[in-house]
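Below: one structure, written as C-alpha cells.
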Amino acid sequence: MKNFKFENWSKDNCLELISSVKEVINWEDPLEVANDLLKLAIDFKSKGSPQADTYKKAHELAMENIYEGGGDPFKTALESNNPVDVVSTSLYMIADRLYNFGREGFIKNEKGEIPEGYLVAAFAQVEIIYGAFNLLSCNTDAFYKATITSKIFPPMFPEKHEKIKDSIDEFIHNKQIQIGVIQPLSVFLSFLLYDKKPNPKFIVNFIDGNVCKILVKVLTGKPNEAVEMCEMFKFQNEKESIDEEKKADKSSPDNSSSSFRPFGKKDIP
C-alpha cells in the first residue's frame, strides 16, 4: 500500500463520495451559514438576549474562515483533479456532523446535556481517518491539524477546551481503546479505500454509522463491549493482509471483488 494514489477511484467514485458526505453532514454553503448566524445575532440583540454575542462571534469566525479559503472545500478538491484530495477532503468533512451537534449543544447550554461527548466522538472519527491515510502513506497532516483546531476544539468556546481535552484523554487516548478500537478500525478503513472497487456510500456509512455505534459504547463506559465489536475487523484485517501478500507473491489468482462487508445489506445505503 506504499504511496497509494487512489488509482482505483474514478471521477464517478469521487462524485458519489462527495454526494454521500454532503448528505450525511447536511452540508450548506458557508456564506449562507454565515448570513444565518448574523441574522440570529441581530434577532437576539433586538430581544436583549446575551446569546447575541455568541452568534456575532460565530458569524465573525465563519466569515474569517471563508476569507481564508474555507468556502467550498469539495469544489476546491474537485478542481485539483486529484482523487487523493477529493477523498481526504471528503472524509475529514464527515466530522462536521458531530461537531455541529457539539457546537449547538454549547450554544443552547441546556441542563443535563454533555455536548463535549460529540466532539470526543468526532475526534475518534478523525483519528481513525488519519490512521487509515497514514497506512496508505498519504500525508493528511494539514487536514488533521485544521480539523482538530477548528472543530474538535472550537475557537468560539475556548473555555470548553480543557474539558474536551480531559475527555479525549479519558475515553480515547487510553491503551485499550487505541489498540482495541482505533487501530483495527483504521486498518479496516484503509482496506476499504484501497479496494479495487471502492464503495463510497459504504465507506461513509461505515465511518458515520457503524464507527459511531462503537464509539457510543466507549463514551457510555462500556469499553470492553466496544473492543468486542471490533474483533470482526481484526479478523478481516488479518484476512485482507494475507490476501495482499498472496497477490504480491503471485501465488494466487487476482481477485478484483470488493472487500468483505461485515454488516448486513440493510446497513448499506
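Just so it is clear, none of the values below were taken in a lab; they were calculated from the coordinates. Being a predicted model, the structure only gives us computed values, none of them experimental. Glycine also receives a Cβ, built like all others from the backbone with ideal geometry; neighbour counts cover every protein chain displayed.
Please state the charge dipole magnitude for the stretch 97-253, taken about the Cα centre, from unit charges on C-beta atoms (+1 on K and R, -1 on D and E), reported in debye and rounded to the nearest 20. All intermediate terms of the calculation are to be shown ahead of the outcome.
Numbers: 21 positive and 22 negative charges, 79 e Å.
Dipole magnitude for the stretch 97-253 comes out near 380 debye.
Can you tell which of ASN224, ILE177, PHE106 lies farthest toward the positive end of the dipole of the stretch 97-253, using +1 and -1 charges on the Cβ of basic and acidic side chains (Lys, Arg; Asp, Glu)? Result: PHE106. Modelled spin-label separation between LYS145 and ILE66, with each label point placed 7 Å from Cα along the Cα-to-Cβ direction: 2.7 nm. Straightening the chain between ILE107 and LYS47 buys 19.9 nm, computed as 0.36 nm per residue apart minus the Cα-Cα spacing.
Full extension of the chain between SER10 and THR220 gives 71.6 nm of extra length, using 0.36 nm per residue less the Cα-Cα distance. Where in the stretch 124-142 is the amide nitrogen less than 20 Å from a point lying 7 Å along the Cα-to-Cβ axis of ASN82? From the stretch 124-142, the list is 129-142.
The mean sequence distance of close C-alpha pairs (under 8 Å, at least 6 residues apart), as a share of the length of the stretch 41-200, puts its relative contact order at 20 percent.
A Förster radius of 22 Å, combined with the Cβ-Cβ distance separating GLU228 from LYS201, puts the computed FRET efficiency at roughly 0.25. Across the stretch 117-242, C-alpha contacts under 8 Å between residues 6 or more apart give a mean separation that, scaled by the residue count, equals a relative contact order of 32 percent.
Beyond 28 Å between alpha-carbons counts as too far, so tell me which of LYS45/LYS111; LYS5/LYS217; LYS56/LYS213; LYS57/LYS217; LYS22/LYS197 fall in that bin. Before the final figure, lay out the partial values.
On the way: LYS45/LYS111 23 Å; LYS5/LYS217 34 Å; LYS56/LYS213 35 Å; LYS57/LYS217 34 Å; LYS22/LYS197 21 Å.
Exceeds cut-off: LYS5/LYS217; LYS56/LYS213; LYS57/LYS217.
Between LEU31 and LYS175, the C-beta separation translates, for a Förster distance of 51 Å, into a calculated FRET efficiency of about 0.70.
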